[in-house]
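Take a look at the following structure, please.
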There are 2 protein chains.
Amino acid sequence: MAGIEILFLGKEDVDALDLDLQDIMDAIELGLKAHGEKEVIMPSKDHLPLDYPEKLFNILKGYVAPIDVAGVKVIGDFHGNYKHNLPSDLALITLYNSETGAPFAIIDGTLITWMRTGAVTAVGAKHLASDNPKVLGHIGARGTAWYNVPMLDKIFDFEEIRVTSRRPESRERFAKAMSQQLGKKITVTETTEAAVRDADIIIDASRLVEHQVLVEDKWVKPGAHIQAYGAILSVEPTIPFSVDKFVVDDWNQCQKSQYGQFAGLIQAGDLRTEHIYGEIGEIVAGLKPGRSSQEERILFWHKGFAISDIMLGHLAYQKAVERGIGTRLPYYQQPQDM
Amino acid sequence: MAGIEILFLGKEDVDALDLDLQDIMDAIELGLKAHGEKEVIMPSKDHLPLDYPEKLFNILKGYVAPIDVAGVKVIGDFHGNYKHNLPSDLALITLYNSETGAPFAIIDGTLITWMRTGAVTAVGAKHLASDNPKVLGHIGARGTAWYNVPMLDKIFDFEEIRVTSRRPESRERFAKAMSQQLGKKITVTETTEAAVRDADIIIDASRLVEHQVLVEDKWVKPGAHIQAYGAILSVEPTIPFSVDKFVVDDWNQCQKSQYGQFAGLIQAGDLRTEHIYGEIGEIVAGLKPGRSSQEERILFWHKGFAISDIMLGHLAYQKAVERGIGTRLPYYQQPQDM
């Protein structure tokens, strides 16, 4: 056998790929379908809480049969990173082939995490929002927000996009850049109520340090689709029980992984299997209907799973190979069995 | 902040480090002590069974406070790799700093796994063998065998070393090379009985595909220290119950991870917490006595844990930095918080 190489893609390499939004959403949708059809292996993500919630690692791992690739992502959640001018969620994705178990790609996972989260948000809304939604209310103007908004708008072409965030500088910067990117007005609001009340689609991409109600139950109108996926509970805790349908990404992982938006409700025994309508993959795969009326209020909680990281890591790898981007590293120059 | 780099060490780089056996054992002993003193974070290892037992990934992850490093190892167990002239256990170790969560080292983990396993074997025997053991009986002549035997001999300077393995070519090749390395005779035996019967230290490093008794209970003499750590049960199943002390590396992981030498006995409910004397880390840290008489038969089962991989990965990283070995990769050339 010839030597084994690994393709390395740093942050700037991933930037240079300039991945197409539609390609990203297509890859993510395939991954969700594979999950729904049980064509994946995925233990629950793990955590290394060095100093929770300030310093935490998450480790996600899985195998996706339709593309025949295994992968692991290690992603930090380090709240002090802004002091180093770094995102809080630095990540590394490694991909492995299923013939020998050899690694074949090592990829900066920070941007890919934002992209894959945005794509799960958008593909989820595609399957769960009411027909022809006109108003998007978005909380958060950093990280995943950069992908949530353009991907959702690509699907729905909103009449109104409202954005808020904790810091005025962030939301103003985001609105300005996104308005240019989409060629439409982005309305900046001071309060979360002004952003989300009576919106057709509500995305809560907040990153709280402690629980706070950013979305009240009564602001979620009939027919609305709402998603909340921050690590800390940020919506009124009645919402999972008052909505018509509560969809998750992976219920096994939701129960086992001890952090996340609704983890406290699960640990308290309040949120149980009988409250869950289904998993998004089952809906994407057509094994369970999504929305069944225009009046339903549907909540989707995606904790984020390895399948999406593997799908998008693999897409990045393929595009990089096609375009000759990245650094080829000798892993085993001269294979030798001892 | 300046750009972030990652140091990459492929197989040939790790070879070039030519790590010192004593340095390796010292690093491993520190890791075991940290584990005993609960100065680590370590969820159980996970598995991705693509096609068990032919094709399996193991994912190990942890954090070691005394060196302040987090790490993840992905290691395959691919039985067909010999067809590609590759070891069955290709591995990749990634290390992360605890300030920002950024990765700082990516290291081929195959050789390091053999080294760390050999060092746990040797350090375990140092704490659990009888005084002045003269005879080593070793099953297995590939992979970890290359480190078990010289490390044990460095500690004990045996009068007799007996080695056997399934294939005559492997054991002859191993004995020849090891005899040169240690400057002493290595006795090759055809049967496992001839190798291990009445030895002072018995190491069963076999890699079976299905259960087979390679070590019978009655061959383990009073005062003997025995270790067996293959993925498949290879000793007589009475041994865990007939020995005076049964020591493990991490009892939580032994119970949660579904594969390994005695996993079947645990899953059947036969092997329970009351059968376990303690963890090797507790003994190394002096929190629990090791051997208390020259007549005790002591069994040590090390499934292998992330702490050892992190300790040795970090040692390799430090030596590589000192000596300018490896490839420096740009992970974030221009840090940017979005």
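Residue by residue through region B:173-192, note down the ones that are surrounded by 15 or more Cβ atoms within 10 Å (Cβ to Cβ) and either at pLDDT below 95 or not hydrophobic (A, V, I, L, M, F, W, C) (or both).
Initially, region B:173-192 is screened for residues surrounded by 15 or more Cβ atoms within 10 Å (Cβ to Cβ), giving B:173-175, B:178-179, B:182, B:186-189, B:192.
Across region B:173-192, the qualifying residues are B:Arg173, B:Ser179, B:Thr187, B:Thr189, B:Thr192.
Among the residues of region B:292-333, what is the count of those that are surrounded by 19 or more Cβ atoms within 10 Å (Cβ to Cβ) and within 21 Å of B:Phe241 (Cα to Cα)?
Of the residues in that region, 7 qualify.
While we're looking at this one, here's another question. Would you pick out the residues in region A:1-32 that are within 18 Å of A:Ala65 (Cα to Cα) and either touching a residue at least 60 places away in the same chain (Cβ under 8 Å) or at the interface with chain B (Cβ under 10 Å from one of its Cβ atoms) (or both)? Walk me through how you get there before you give the answer.
Pass one, region A:1-32, residues within 18 Å of A:Ala65 (Cα to Cα): A:26-32.
Those that are within 18 Å of A:Ala65 (Cα to Cα) and either touching a residue at least 60 places away in the same chain (Cβ under 8 Å) or at the interface with chain B (Cβ under 10 Å from one of its Cβ atoms) (or both): A:Ala27, A:Ile28, A:Glu29, A:Leu30, A:Gly31, A:Leu32.
Here's a follow-up. If A:Gly281 meets every condition in (1) touching a residue at least 60 places away in the same chain (Cβ under 8 Å); (2) over 26 Å from A:Asp23 (Cα atoms); (3) more than 14 Å from chain B (Cβ to nearest Cβ) apart from one, which number is that one?
Result: A:Gly281 passes all but (2).
Among the β-branched types (Val, Ile, Thr) and within 14 Å of another protein chain (Cβ to nearest Cβ): does that describe B:Ile298?
Details: among the β-branched types (Val, Ile, Thr): yes; within 14 Å of another protein chain (Cβ to nearest Cβ): no.
So B:Ile298 does not fit the description; no.
Identify, please: which residue in region A:58-85 is in contact with a Pro (Cβ under 8 Å, 6 or more places away or on another chain) and either farther than 22 Å from A:Ala316 by Cα or small (Gly, Ala, Ser) (or both) and is, among those, farthest from the other protein chains (Cβ to nearest Cβ)?
That would be A:His79.
Here's another thing I want to ask about it. Kindly provide the set of residues from region B:33-53 that are within 11 Å of chain A (Cβ to nearest Cβ) and among the acidic types (Asp, Glu), ordered by number.
B:Asp46, B:Asp51
What is the residue count in region B:90-104 for residues that are in contact with a Phe, Trp or Tyr (Cβ under 8 Å, 6 or more places away or on another chain) and more than 8 Å from every other protein chain (Cβ to nearest Cβ)?
Summing the residues that are in contact with a Phe, Trp or Tyr (Cβ under 8 Å, 6 or more places away or on another chain) and more than 8 Å from every other protein chain (Cβ to nearest Cβ) in region B:90-104 gives 3.
Something else about it: Tell me yes or no: at least one residue of region A:119-137 is under 20 Å from the mean Cα position of the chain (by Cα) and within 14 Å of chain B (Cβ to nearest Cβ). Working first, answer last.
Taking region A:119-137 and keeping what is under 20 Å from the mean Cα position of the chain (by Cα), we get A:119-129, A:136-137.
From what's left, within 14 Å of chain B (Cβ to nearest Cβ): none.
No, the conditions are met nowhere in region A:119-137.
Check region A:23-38 and report whether any residue there is hydrophobic (A, V, I, L, M, F, W, C) and under 28 Å from B:Gly10 (Cα atoms).
Taking region A:23-38 and keeping what is hydrophobic (A, V, I, L, M, F, W, C), we get A:24-25, A:27-28, A:30, A:32, A:34.
Retained after the next criterion (residues that are under 28 Å from B:Gly10 (Cα atoms)): none.
No: zero hits.
Right, another one. Considering only region A:259-291, how many residues are buried (at least 20 other Cβ atoms within 10 Å of the Cβ), among the aliphatic types (A, V, I, L, M) and in a loop (DSSP other than H, G, I, E, B)?
The number of residues fulfilling the criteria is 1.
Tell me the strands (runs of 3 or more DSSP E) entirely within region B:67-153 that contain at least 3 residues that are under 30 Å from B:Glu193 (Cα atoms).
Values: elements: B:69-78, B:91-97, B:103-108, B:135-139.
Passing ranges, in order: B:135-139.
The values are calculated or read from the model by the stated rules, or taken from the named source; none is laboratory data. Quantities reported herein were computed from a predicted structural model and do not represent experimental measurements. Glycine also receives a Cβ, built like all others from the backbone with ideal geometry; neighbour counts cover every protein chain displayed.
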